[in-house]
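Each remark here refers to the structure printed beneath this line.
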Amino acid sequence: MAEFRRSTALPGLEVRRSRQESRCYRPHAHDAFSIGVIDEGSSVLTGSLNGPIRLERGDLVVIPAGQVHACNPDEGAWRYQMIHLDQGWAASLTPGHEASALFSGIGVLRRPGLRHQVGALSELIFADETRERLETGFRDLLRELDATPPAHLVAGDADPELIARLRPVMDRLRGDEVNPSLGELAVLVGMTRYELVRAMKRATGLAPLAWRQNARIIQARRMLCAGQPIAETAQALGFSDQSHLHRVFRAHVAASPGAYRG
């Protein structure tokens with residue numbers, strides 16, 4: 001079960017409230033800065049981490065854009081909230097701006113009171129409050145997050161030179177209507193297939209075709225938010241049909257395209 005709200009005052013600001021009881025996410029990344037909080041139960045956070053991290057009620061997770069992760073229930077029901085916001089906007093409200101540790105990797109924060117502060121902002125988004133109230137609330141929250149030492153911090157290790165070298169592969173993966181072969185992709189950057197898979201995982205946290213699926217779901221979310229019909233979204237992004245989009249979307253978002261679109 002999941003419900004979503006998006007701010008009309010601040011484009012790109014979105015919140016979800018969700019309750020899950022079974023494994024629901026495959027490794028994925030967002031194009032936004034994300035703040036999540038556990039309201040009930042426990043879950044296990046995995047991704048580009050030094051092993052899984054168990055999250056308990058009240059734990060808060062901050063995830064910079066592009067950081068691969070997955071969070072799934074541990075035992076029994078798991079209820080959480082997550083807010084997605086434009087990373088540039090978030091950095092502009094943070095004391096350290098882009099240099100803040102908040103944007104350097106996935107962090108788990110354990111400080112009493114933060115859960116309620118996130119919950120209050122979630123309520124403001126659901127109520128579609130004004131830009132001024134939202135900016136004030138997020139400036140206060142980001143100041144608190146920036147000043148809170150994380151219980152866990154796994155710094156991102158993106159290599160700009162490697163990402164630049166792989167750009168032709170990413171452009172092909174994003175633009176092709178069908179999955180290109182690993183051999184074709186490897187030729188684009190002068191690598192073997194195995195070198196390409198290793199390089200993509202090192203640069204993005206995902207293998208080439210997994211990265212393609214993630215990129216398509218990011219674009220699907222944008223299109224659905226803009227009111228695009230589900231069938232047209234599926235066709236535009238090269239999914240074989242609406243059911244195909246539904247399956248892949250659920251694996252990344254833990255909700256159907258219809259529930260997300262609202």
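Throughout, read-outs are computed from the coordinates displayed, never taken from laboratory work. Just so we're clear, the structure is a prediction, and the values are computed from it rather than from any experiment. Neighbour counts run over all protein chains shown; Cβ positions are idealised from the backbone, glycine included.
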Diffusion constant of the chain at 10 °C, which comes from Stokes-Einstein with the Kirkwood Cα-pair radius and 1.306 mPa s, µm²/s: 83
Within a Gaussian network of the chain (alpha carbon springs, distance under 10 Å), most fluctuating of V189, V118, V248: V189
Relative counts (whole %) of C-alpha pair distances in segment 112-165, using bins that are 10 Å wide: 19, 35, 22, 21, 3
Tilt relative to the chain, helix 242-253 - C-alpha long axis, 0 to 90 degrees, to 10: 50
Part-to-part distance (alpha-carbon centres) for segment 21-42 and segment 168-202, which is given in Å: 28
Between segment 55-94 and segment 118-141, the Cα center-to-center distance that results, in Å: 16
Segment 201-262 - percent relative contact order, Cα under 8 Å, separation 6 or more: 28
FRET efficiency, 1/(1 + (r/R0)^6) with R0 25 Å, evaluated for L162 and E184 via beta carbons: 0.80
Pairs of alpha carbons in segment 130-216 whose separation is greater than 22 Å (percent): 45
Alpha-carbon radius of gyration plus Dmax, which is the widest Cα pair, for segment 158-262 in Å: 14.7, 44
Under the Debye formula (equal points on every Cα, no solvent term), log10 I(q)/I(0) of segment 1-92 at q = 0.18, 0.23, 0.24, 0.25 Å⁻¹: -0.81, -1.24, -1.32, -1.39
Positive-end residue, segment 1-136 charge dipole about Cα centroid, Cβ charges, pick of V61, C71, G113: C71
Gain in span if fully extended, R57 to A236, counting 0.36 nm per residue against the direct Cα distance: 60.4 nm
Added length on full extension, which subtracts the Cα-Cα distance from 0.36 nm per residue, T130 to Q219: 29.4 nm
